[in-house]
Amino acid sequence: MSATLLAVDVGNTNVTLGVYAYGKGGAELAHHWRMATHREQTSDEVLVTLRGLFDGAGFDGAGATDVILASVVPPLLPIWERVCRKLRGQPPVVVGPGIRTGMPVRYENPREVGADRIVNAVAAYALVGGPAIAVDFGTATTFDCVSQRGEYLGGAIFPGIHVSMEALFERASMLHRVEVARPRSVIGRTTTASLQSGLLYGYAGMVDAMVARIRRELGAAAQVIATGGLAARIAAETETVQRVEPFLTLEGLRILFEKNCAPQEASA
């Protein structure tokens, strides 16, 4: 039987999980899930949720050969480590200081870089080479830049589209929540259409402007990969995003695991 790898990305808003099955053809993403991040949950509660997801997909979570975990929510790291021990009887590989990435980090203080940003950069470089820009539409919209030589250079952090939307609605009594959807025209003729125009086209324009500035600093036409929940919707309105990879972070986790640990029976 082929080995499996459970990749877990603990974000501020969502936890994304993916199961990679290893066989003769390499690794294939066999299952994936997204669940809300709850900072107050215990490891037992998380485990119950996971087992429900696994059962629904016909996946035996206890049979996962290996687990790799990245978290940008420090209080949840020990919770998820306990979850993995209960699932597997052993701790996961955790993305953090000391893990081999194969990518020099040029940040002034490498410990300040979120694990997900390094993971995305590693995946982007593996997919398209360098220079590259990974744009992640999550709780924050992040731009992570990789040089031609495969170095992590840093990037930019912008409030995520949902964070901006919630802040606006909290402070503007006459405005209401809307779906992030394409309006009929840029010039909105209703409050809903005006909000949608600002959110969708405004963020698309921000992405294009940031990419243009980053490319000028890099001195090269870096390839741009988008990921995150709203990546496809925003990328469709940009002029600079060349590729959308919904599971970029999971791919990066798989790559990092393989750089640090050989999956059991991966070549079977």
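Numbers at a glance
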{"read-out": "Per-region count, the range 167-184, residues of a type outside the set (D, E, K, R), farther than 28 Å from residue 134 by Cβ, open to solvent by 50 Å² or more (accessible area, probe 1.4 Å) and within 29 Å of the chain's Cα centre (by Cα)", "value": "1"}
{"read-out": "Residues located in the range 1-21, provided they are open to solvent by 10 Å² or more (accessible area, probe 1.4 Å) and either in a strand (DSSP E or B) or touching a strand residue (DSSP E or B) at 6+ places or on another chain (Cβ under 6 Å) (or both)", "value": "2, 4, 9, 14, 16, 21"}
{"read-out": "Subset of the range 44-61 (residues that are small (Gly, Ala, Ser) and surrounded by 18 or more Cβ atoms within 10 Å (Cβ to Cβ))", "value": "61"}
{"read-out": "Condition check for residue 242: surrounded by fewer than 18 Cβ atoms within 10 Å (Cβ to Cβ) and either within 22 Å of the chain's Cα centre (by Cα) or free of Cβ contacts under 8 Å to residues at least 40 places away in the same chain (or both)", "value": "yes"}
{"read-out": "Answer residue from the range 55-76, given it is in a helix (DSSP H, G or I) and without any contact (Cβ under 8 Å) to a residue 12 or more places away in the chain and is nearest to residue 119 (Cα to Cα) among those", "value": "74"}
{"read-out": "Considering residues of the range 117-131 that are touching a Ser or Thr at 6+ places or on another chain (Cβ under 9 Å) and not in a helix (DSSP H, G or I) only, the residue modelled with the highest pLDDT", "value": "131"}
{"read-out": "Out of 87, 50, 29, sole residue that is part of a helix (DSSP H, G or I) and in contact (Cβ under 8 Å) with a residue 40 or more places away in the chain", "value": "87"}
{"read-out": "Meets criteria (of a type in the set (Gly, Ala, Ser) and modelled with pLDDT of 90 or more) for residue 2", "value": "no"}
{"read-out": "Number of the condition not met by residue 164 [criteria: (1) polar (S, T, N, Q); (2) loosely packed, with under 13 Cβ neighbours inside 10 Å; (3) closer than 26 Å to residue 247 by Cβ]", "value": "(2)"}
{"read-out": "In the range 185-220, the residues that are hydrophobic (A, V, I, L, M, F, W, C), over 21 Å from the mean Cα position of the chain (by Cα) and surrounded by 11 or more Cβ atoms within 10 Å (Cβ to Cβ)", "value": "186, 193, 195, 209, 212, 218, 220"}
{"read-out": "Selected residue [under 21 Å from residue 126 (Cβ atoms), touching a helix residue (DSSP H, G or I) at 6+ places or on another chain (Cβ under 6 Å), of a type in the set (Gly, Ala, Ser) and exposed (fewer than 15 other Cβ atoms within 10 Å of the Cβ)] from 98, 25, 102", "value": "102"}
{"read-out": "Any hit, the range 134-141, residues being touching a Gly at 6+ places or on another chain (Cβ under 6 Å), among the polar types (S, T, N, Q) and within 30 Å of residue 219 (Cβ to Cβ)", "value": "yes"}
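The values are calculated or read from the model by the stated rules, or taken from the named source; none is laboratory data. A quick note: this is a predicted structure, and the numbers were derived from the prediction, not measured. Here Cβ is always computed from backbone atoms with ideal geometry, including for glycine, and neighbour counts include all displayed protein chains. Just so you know, the surface numbers come from the protein's heavy atoms only, side chains and all, with ligands and any DNA or RNA stripped out. Shrake-Rupley method; radii C 1.70, N 1.55, O 1.52, S 1.80 Å.
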